[in-house]
Amino acid sequence: MALETDLRADPHPEAAVRDRTWAWVLLMLVAVAVAARELHPMQISWLRNLLIVFGSLLIEAMPFVALGALVSAAIEVFVPASSFAKIARLPRAVQLPAAAFAGMAFPVCECGSVPVARRLARKGLSPAAAVTFMLAAPIVNPVVIASTYVAYRGRDSLALMVIGRFTLGLIVAMCVGWVIGALRPDGLLRADASIDDPDDVDEPRAQRFFTHLSGDLIFMARFLILGAFIAATIQTFVPASIADRVATLPVLSLLAMMFLAFILSLCSESDAFVAASFTAFGPSAQLAFLVFGPMVDLKLGALYVGTYSKGFFRTVLVVVTAVTLVATLWVEVIWG
């Protein structure tokens with residue numbers, strides 16, 4: 001794939017993507033500031049609507065992003081990777097479910113789960129179990145469950161979105177882990193993928209904690225800002241009739257929301273608020289957005305290519321797309 005080829009040529013692909021994203025966020029904020037100063041937004045209906053939607057998404061989602069960054073930093077500094085040693089000693093048949101459910105105890109976003117899974121694979125955890133944990137943790141952890149509940153509270157689809165996201169997240173993660181274990185039982189990591197083990201760092205833990213906290217918070221917040229702005233722009237300028245037509249098509253509506261999740265590249269602590277704002281789409285399409293996004297998006301593509309061996313990103317993309325599509329189609333049939 002073009003993305004995989006281009007990113008592999010860069011020795012630090014994730015840094016390049018972060019820099020470009022941060023530049024776009026700054027440019028967008030400058031544009032909003034200039035518009036607010038020159039155009040008197042409260043007197044222009046479209047600009048007023050855009051700023052209201054944008055601001056409401058940020059206000060609702062930012063506390064969960066901050067909480068996720070706090071917990072992620074604590075895990076990075078205080079929880080050793082050896083905690084997962086017991087999973088590696090389990091029978092192979094139960095390693096994948098155990099790794100998936102282990103994600104409940106590690107409230108990290110999808111960006112944070114990649115280095116954790118890399119470290120676990122380096123320390124002997126099977127590739128299948130490491131990948132299963134990596135994909136499940138950003139969906140089944142308590143911070144994401146809580147944010148999904150808050151985003152959909154008061155709606156008839158609340159139980160479906162919370163329980164459905166948790167269940168489908170486990171299923172899709174285990175399916176990908178099984179495929180990875182079958183196709184590449186060894187050699188999951190790239191030969192040049194370095195790893196920093198926090199247990200070997202002499203820096204004081206408190207200093208490392210606040211370093212990770214500030215880095216995670218800034219990293220996640222800029223993707224939230226960009227995603228919230230894009231979501232507000234779509235809702236402001238895309239005619240409701242177009243969204244309504246796409247939303248009524250059984251398969252296309254699911255693929256459209258999955259593609260949107262891939263492009264927006266939101267963090268899992270905040271994506272439920274963005275998904276819930278697309279009210280033209282039904283629960284199954286919003287569920288596809290919430291399951292697909294934390295497993296495959298643009299920023300994760302850079303991290304996957306820079307961390308794992310050739311073909312890993314392509315395999316994950318194909319399997320996640322297929323399983324998510326089939327599962328949410330069944331949800332659509334059952335839910336109606």
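Relative to the current alpha-carbon distance between residue 234 and residue 211, full extension at 0.36 nm per residue lengthens the span by 4.8 nm. Residues whose amide H comes within less than 5 Å of that of residue 308, counting only those at least five positions distant or on another chain, are 190 (H built at 1.01 Å from N in the peptide plane). Each residue of segment 282-290 was assigned a 3J(HN,Hα) from its phi angle through the Karplus expression (A = 6.51, B = -1.76, C = 1.60, θ = phi - 60°), giving x, x, 5, 5, 5, 5, 4, 4, 6 Hz with x at Gly and Pro. Please report the base-10 log of the normalised intensity I(q)/I(0) for segment 251-294, using a Debye sum with one equal scatterer per alpha carbon and no solvent, at each q in 0.17, 0.26, 0.28 (1/Å). Those come out to -0.34, -0.83, -0.97, one per q. Taking label positions 7 Å along the Cα-Cβ direction at both residue 49 and residue 249, the computed distance is 2.3 nm, reported to one decimal.
With both labels modelled 7 Å from their Cα along Cα-to-Cβ, the residue 158 to residue 67 distance reads 1.5 nm. At full extension, residue 93 and residue 259 could sit 56.5 nm farther apart than now, given 0.36 nm per residue minus the alpha carbon distance. When only alpha carbons of segment 208-336 are considered, Rg and Dmax amount to 15.7, 51 Å. Just to be sure I understand the model, the point goes 7 Å from the Cα along the line to the Cβ. What's the resulting residue 329 to residue 183 distance in nm? Computed distance between label sites residue 329 and residue 183 equals 2.0 nm.
Every read-out reported here was derived from the displayed coordinates using simple, explicitly stated rules and does not represent laboratory data. This one's a predicted model, so the numbers in the text were calculated from it and none came from an experiment. When we count neighbours, we look across all protein chains shown, and the Cβ atoms used for this are built from the backbone with ideal geometry, even at glycine.
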